Amino acid sequence: MPNPKRQHSRQRQRKRRTHYKASVASLGVCSNCKKSILPHRVCPFCGFYKGKPVIVVEKEEKKTEKK
């Protein structure tokens, strides 16, 4: 394979890489609890998918320290 004769300048590299951008994940809304979730996934807050219960989610209890 051919190799480059000279090193590309930083400006040329950066011009080429201007289109390499991170995209924001699209979010949907849970039909049961109305929280934002990733599409086509089970809601991690209530365990519903497409309006049906799929998994049982245990609720976390807040820890309070008594002195």
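Only the coordinates and a few stated rules stand behind these numbers; no lab work does. Fair warning: this is a prediction, and the values are worked out from it, not measured in the lab. Positions of Cβ are backbone-derived with ideal geometry, glycine not excepted, and every protein chain shown enters the neighbour counts.
Numbers below:
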read-out: Restricting the chain to chymotrypsin sites (Phe, Trp or Tyr not before Pro) in coil, as DSSP defines it, with at most 12 other Cβ within 10 Å; value: Tyr20
read-out: Size of charge dipole - the chain - debye, nearest 20, with Cβ of Lys, Arg +1 and Asp, Glu -1, no other charges; value: 800 debye
read-out: Under 29 Å from the Cα of Lys52 - lysines, other chains or at least 8 residues apart; value: Lys34, Lys35, Lys62
read-out: Nitroxide proxy distance, nm - points 7 Å out along Cα→Cβ at Lys66 and Lys50; value: 4.8 nm
read-out: Listed values (i) 46; (ii) 281; (iii) 80, entry calculated as volume of the Cα convex hull per residue in Å³; value: (ii)
